[in-house]
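Note sheet for the following structure.
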Amino acid sequence: SSWWGHVEPAPKDPILGVTEAFLADPSPDKVNVGVGAYRDDNGKPVVLQCVREAERRIAGNQNMEYLPMGGSVKMMEETLKLAYGENSDLLKEKRIAAVQALSGTGACRLFADFQKRFRPDSQIYIPVPTWANHHNIWRDAQVPQRTFHYYHPDTKGLDYATLMDDIKNAPNGSFFLLHACAHNPTGVDPTEEQWRDISYQFKVKGHFPFFDMAYQGFASGDPERDAKAIRIFLDDGHSIGCAQSYAKNMGLYGQRVGCLSVVCEDEKQAVAVKSQLQQIARPMYSNPPVHGALIVSTILSDPDLKNLWLKEVKGMANRIIGMRTAIRENLEKLDSPLSWEHITKQIGMFCYSGLTPEQVDRLTNEFHIYMTRNGRISMAGVTTGNVGYLANAIHEVTK
Ligand SMILES: Cc1[nH+]cc(COP(=O)(O)O)c(CN[C@@H](CCC(=O)O)C(=O)O)c1O
């Protein structure tokens, strides 16, 4: 008998499987609002000018040597300043253990494996809903999962009261996964005031906050503003974990550039933690890719390139914000019986439309519109060219 005859086909990935279906559709009208990847107003993927300029400067004089297991030190220095602040005392005191990771996914996975190895009896509280791959990551790290309430289906906003109950009712010292900004898939973030209350409750309960920050700069257009939740927790003295990614805010999707950081008590502990994170990376992929890291450090260490990046990331965020208004206005012009206010209240890459899986299926089967079955619309796929078509189709399946 064959070695692998018992291996069953894996289920389609709820997010990446949508792209496959979209690509297979021959219809000229097809619209992809599935995967969270930025497109310009012509529906085309974008390579930022600052990235092209960085590549020009790198071209021809980049070596192909291995990076250290912890990755590019220069890229990490710049990356930690983004998350923790230019003048962070934690950085000055060298209390942050950080390693370059295979983008945000890799950063989350490194943390999950570290959590399993050094807090073997811990579990992780994951918001409902969340990015689908979070469940796979902590499952494969064999960390037991719990959930906590986050989204309120009726208000299409934050279920703050139940969220706080769950935080209070969890055993002291529980691990929580928090989206730092631009929550995926709902686009619903706590207000600054609510973040302060959450941080306070975490102090009272001694909970561990792990921030997945995959969209810094993409939510408001301002990376400093999008780090507000993290800064609130740091000001309250929390020792956080943080996953960073340059996939969306620098458009480095396929370069797989990210960073995992863990705040420690002192430099000695940070050195120990970093060495153990490298021990996890070594048998997994040994050391991370060099090209993307060089692009990031070239951009962030050059004031002009960094300013160009800030302008470009704001431009991407603004285009998405404009499309939120456009969809809502188109739906209201169609006299839709439903309220679409949430489309402009939500923030970041995604709009959690409230469409049912059956309505999503109709959008795909009758209108060649592709989105994840939870009704999440990747706003970057919306353009002035397709927003009317999209709104009309949504109206048809919801009227
Ligand atoms: C919250 C979150 N965390 C981490 C990641 C990982 O991104 P990366 O840096 O590339 O490893 C993503 C991407 N999620 C969008 C992209 C496709 C994917 O699922 O991956 C998405 O939800 O469409 C997230 O949305």
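The values are calculated or read from the model by the stated rules, or taken from the named source; none is laboratory data. Please read these numbers as outputs of a predicted model, since none were measured by experiment. All Cβ positions, even for glycine, are placed from backbone atoms using ideal geometry, and neighbour counts span all protein chains on display. Side chains are part of the model used for accessible areas, which takes the heavy atoms of the whole protein and leaves out ligands, DNA and RNA. Shrake-Rupley method; radii C 1.70, N 1.55, O 1.52, S 1.80 Å.
Ranking of ARG139, ARG196 by solvent-accessible surface, largest first: ARG139, ARG196 (1.4 Å probe, protein heavy atoms only, all chains present).
Taking every protein chain into account, the 1.4 Å probe leaves LYS94 with about 120 Å² of accessible area, to the nearest ten. Need the list of aspartates and glutamates near LYS30 for cross-linking: C-alpha distance under 18 angstrom, and skip anything on the same chain fewer than eight residues off. Within the straight-line limit of under 18 Å, LYS30 reaches these aspartates and glutamates: GLU20, ASP40, ASP41, ASP361, GLU366, GLU396. Legend: distances between Cα atoms for LYS248/LYS314; LYS92/LYS168; LYS268/LYS306; LYS44/LYS228; LYS116/LYS205; LYS228/LYS345; pairs beyond 23 Å are LYS92/LYS168; LYS268/LYS306; LYS44/LYS228.
Largest GNM mean-square fluctuation across PRO14, PRO26, PRO190, computed for the chain with C-alpha springs under 10 Å, falls on PRO26. In the full protein context, region 264-377 carries 46 Å² of accessible surface per residue, based on a 1.4 Å probe and ignoring ligands, DNA and RNA. Return one number: the angle in degrees, 0 to 90 and rounded to the nearest 10, between the long axis of the Cα atoms of helix 290-300 and the longest principal axis of the Cα atoms of the chain. Roughly 90 degrees, rounded to the nearest 10.
Between ARG146 and ASP304, residue separation times 0.36 nm minus the direct Cα-Cα distance comes to 52.4 nm. Note on surface exposure: TYR352, TYR246 rank TYR352, TYR246 by accessible area, highest first, 1.4 Å probe.
The charge dipole of the chain, taken about the Cα centre with unit charges on the Cβ atoms of Lys, Arg (+1) and Asp, Glu (-1), comes to about 600 debye, rounded to the nearest 20.
Shown are PHE148, PHE114, whose ranking by accessible area with a 1.4 Å probe and every protein chain present, most to least, is PHE114, PHE148.
To put it simply, the accessible area of region 99-172 at a 1.4 Å probe is 48 percent carbon and sulfur.
Over region 177-229, what is the mean sequence separation of C-alpha contacts under 8 Å (at least six apart), divided by residue count, expressed as relative contact order in percent?
49
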